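One structure below.
Where a number appears in this text, it was derived from the coordinates with a stated rule and is not lab data. Predicted model, so just to flag it, every value in this text is computed and none were measured. Neighbour counts are summed over all protein chains in view; Cβ atoms, including those assigned to glycine, are modelled from backbone coordinates with ideal geometry.
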Amino acid sequence: MPNTLQNLNILIVEDEVITAMDVAATVEYAGGTVLGPCNSVQDALDLIEHNTIHAAILDVNLRDGDVWPLLERLRAHGIFVIVYSSAGLPKEMTKRHPGLSFFHKPMPHAVLARALINAF
């Protein structure tokens with residue numbers, strides 16, 4: 001298990017600017033490369049078509065809808081996903097993706113970084 005996120009691309013999908021900046025700073029501090037932050041599902045779907053993604057941190061509700069299509073695509077490719085939301089994890093998401101990592105906003109930086117690092 002590595003001690004950093006060095007050489008790993010972490011997708012951030014968050015429509016709250018301050019939260020997106022905070023999560024991006026956490027990833028960068030842990031040595032990861034931030035892809036995004038994207039503030040919509042469509043922006044994130046476009047970004048993943050042209051980049052290698054190692055892990056993703058996703059908010060549930062975005063300006064253009066919920067994150068379902070993106071979550072489905074990432075999980076289908078075996079990409080580690082953390083759902084990071086103040087709204088909680090919808091039951092449908094829990095049923096379809098048992099064991100999905102969920103963190104309630106706000107979360108201490110060290111906890112979020114450690115969860116990402118531990119995935120590798």
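Observations, loosely collected:
- Under the convention that each Lys and Arg Cβ holds +1 and each Asp and Glu Cβ holds -1, the size of the dipole of region 1-76 around its Cα centre is about 300 debye.
- Neighbour net charge for Met21 - beta-carbon separation under 11 angstrom, K R +1, D E -1: -4
- Considering only the chain, percent of DSSP beta bridges that pair antiparallel, nearest 5: 10
- Here, the chain yields an orientationally averaged convex hull projection of 6.5 nm² when only Cα atoms define the hull.
- Distant-in-sequence amide H partners of Gly31 (H built 1.01 Å from N, under 5 Å): Leu5
- Relative contact order (%) - criterion: Cα under 8 Å, at least six apart; region: region 1-99: 26
- Extension gain, His77 back to Asn3 (0.36 nm per residue minus Cα-Cα distance, nm): 24.2 nm
- Rounded Å value of the spacing that divides the Cα centres of region 16-47 and region 72-120: 14
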